[in-house]
Structures are given as structure tokens and as C-alpha cells.
1. For region 79-89, take each phi angle, set θ = phi - 60°, evaluate the Karplus expression 6.51 cos²θ - 1.76 cosθ + 1.60, and give the result in whole Hz per residue in order, putting x for glycine and proline.
2. Would you work out which of Leu238, Ser131, Trp14 lies farthest towards the positive end of the dipole of the chain, given +1 charges on the beta-carbon of Lys and Arg and -1 on that of Asp and Glu, about the Cα centre?
3. With +1 assigned to the C-beta of every Lys and Arg and -1 to the C-beta of every Asp and Glu, and no other charges, what is the dipole magnitude of region 1-91 about the Cα centre in debye, to the nearest 20?
4. When the accessible area of region 160-303 is split by element with a 1.4 Å probe, what percent falls to carbon and sulfur?
5. Which far-off residues, 5 or more places away or on another chain, put their amide H under 5 Å from the one on Thr224, with H placed in the peptide plane?
6. Per residue of region 150-166, in order, report the coupling 6.51 cos²θ - 1.76 cosθ + 1.60 (Karplus, θ = phi - 60°) as ³J(HN,Hα) in whole Hz, putting x for Gly and Pro.
7. Taking the Cα centre of each part, how many Å lie between region 214-264 and region 49-119?
8. Taking a ≥ b ≥ c as the square roots of the eigenvalues of the Cα gyration tensor of region 146-303, is the shape rounded (a/c under 1.5), prolate (a/b larger than b/c) or oblate?
Amino acid sequence: MTAGRTLRIGLTQWHATTDVAANVAVAVRCIERAAADGATVVVLPENGLMLGTNTEMREAATGVDGEQVRRLRDAAARCGVTVVLGGMKNRTDDGVFNSALIIDATGAVAGRYDKLHLFDANIGGQSFEASTVEKPGTELVLLDVDGVRIGMTICYDVRFPEVSRALAAAGAEVLLVPAAFVRSTGEAHWHTLLRARAIENLAYVIAPATVHSPTPDYQDAFATYGHALAVGPWGEVLADLGESPEAVTVVELDLDTVARVRGTLPVLAGRRDAEIYGAAPTVVTVGRPEPAIVGTSRGEHQS
């Protein structure tokens, strides 16, 4: 009997601060722990190497040739794993992007995905104007690991289901959603959004995350939700790292399960032509009937 297709993926979570060196040390430790438990791929959170105010993150932006990335590259090569840095403020000749870096098992930067959707929102009176820090990306990216197609997204992209659907239609069996999700919106939406992306695409969803400070001794620029999550293609939660300030778990993904559920419920095969989805909908307008006159005038029908 032919062995099934599997992928062991390291799911990570930690409390990120403005101390880049300390954050990088945690990231390296998480890579080592996941590799020791047999991971082939290790996925790190968005903003895991530096989480602060917009001004602080803009000032801390660095390129892929910086020291912090070099240390992750060294860890990937030493441990023999592919590492996805889920999102860093990446300073390039074209501006600063929120980039998910793909570091292969030799320690080379094999590619990157630039976050498409920037979090410009006001939550609970706090303004998150990501576009003042970074520029939006312009293309979808698939990562291929030993024949397994992995779709790249970052945090706020999860609220735009067309991204995940396009990646799944292009062959993604796993969707990555590394995040620094705001705590208040996370409590309301995080699990539902991730399970929805898994269910509608019949794909695994892997979402490493940063988490809020475990003590009042450190004041976060904004509190993040944690609950790094792995979700199966039927929507079942496979792992939830809760609010641990540093946690790693390795999840074995059975890719034959993706093929099986997609065969049972062929939603991807059932998609219609893109022209239909892109066309403006027909609007059918209906009127309201004139109100009926109720009652009679005084004295009517009197003899």
C-alpha cells in the first residue's frame, strides 16, 4: 500500500515586544523545538520579531539581509527545516512591505509574499493605520514543499475570502494565516474566520500568532489575541495554543484527507466562470403597494 501524503508543520506563538533581539531569540528557540519534534516546516507569527507602535515599527524596518533574518536563516539551515517568517516590516528599494519570508532548509531566502490588505481601521478608539508604515503587495504566492502547495496570506487577508479561494483554486491544500490579531476582534471573529476559510476551501489552515502581555509589567502597543490555530479541512480545530506567552506544537497534516473531502464535496470543481463572479449583479426592484384605506367616514351607511 502506498504511504499517504503528510506534512509535519510547526505552529508557533509568543508575546512579541519592541525588543528585537529578545524576539529573535524566542523565534530561534521555537524553530529548534519544532524541528526536534519532527517538523518539516515551521511558521512564525506576523510581527513576531517586533511589535510596537506604527512609528516604532516603521523605524525598525529592515531588509532581508539584516541580522535578525540572518539568525533565522542560520536556524533553518542548522535544523534542516523550511521556515516561514509570517510577516516583517521589510525595507526594500521599492518601499516598506509587510513580507512573509520563505527560508528554505539550506538557509536561503527562497521567496516572499507581501501582504495584500493593509489594516487601516479604528477599533475601540485605537487607530491602526498600517498604510502609514507599509505598502500593499500586488500578487498571490504559493509555496511548494515536497509537492504540497501552501497558500500564503497574512492576518487581515483572512477577511477577504477571495484570496484564499484563488489560492485553493490554484492548488493550495494548506493556507497560512500568520497574524498579530487585535485582541478584541480576535475574541469575536478569529476562530470563526479561520474555520470558515478552511471549510469553504476544504483546506488545512495554519495560523501562528502573537499574544498579549502575560503581566501588567509590560504595556503592549496593542494587545493581540494569541490562540494560534490549526484547523482541518472539515473545519475541526486541531490545535489551539490559547494565551500561552510562548508555545510550539507540531501538527501532522494528512493531505489525503484534503483530496477525500474535496471529492466528497466538490466546491472547487463547482465554481463558475470568473466572468460571472466579476460581473455587476442584476438589480430587481419591487414596489410597495399603496396602503389600503381602513375604516369609513363618520355617518356613512346611516339611514
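The values are calculated or read from the model by the stated rules, or taken from the named source; none is laboratory data. Small disclaimer: the values here were computed from a predicted structure and weren't measured. Counting neighbours? That spans all protein chains shown, and the Cβs are built from the backbone with ideal geometry, glycine included. Just the protein is used for accessible areas: all its heavy atoms, side chains included, with ligands, DNA and RNA removed. Shrake-Rupley method; radii C 1.70, N 1.55, O 1.52, S 1.80 Å.
1. For region 79-89, the Karplus-derived couplings read 8, x, 10, 7, 10, 10, 7, x, x, 10, 6 Hz, x marking Gly and Pro.
2. In the chain, that residue is Leu238.
3. So the dipole magnitude of region 1-91 works out to roughly 280 debye.
4. Of all accessible area on region 160-303, carbon and sulfur atoms account for 55 percent.
5. Arg183, His212, Ser213
6. After applying 6.51 cos²θ - 1.76 cosθ + 1.60, I find 10, x, 9, 9, 9, 6, 4, 4, 5, 7, 10, x, 5, 5, 4, 5, 5 Hz.
7. Here the answer is 21 Å between Cα centres.
8. Here region 146-303 falls in the oblate category.
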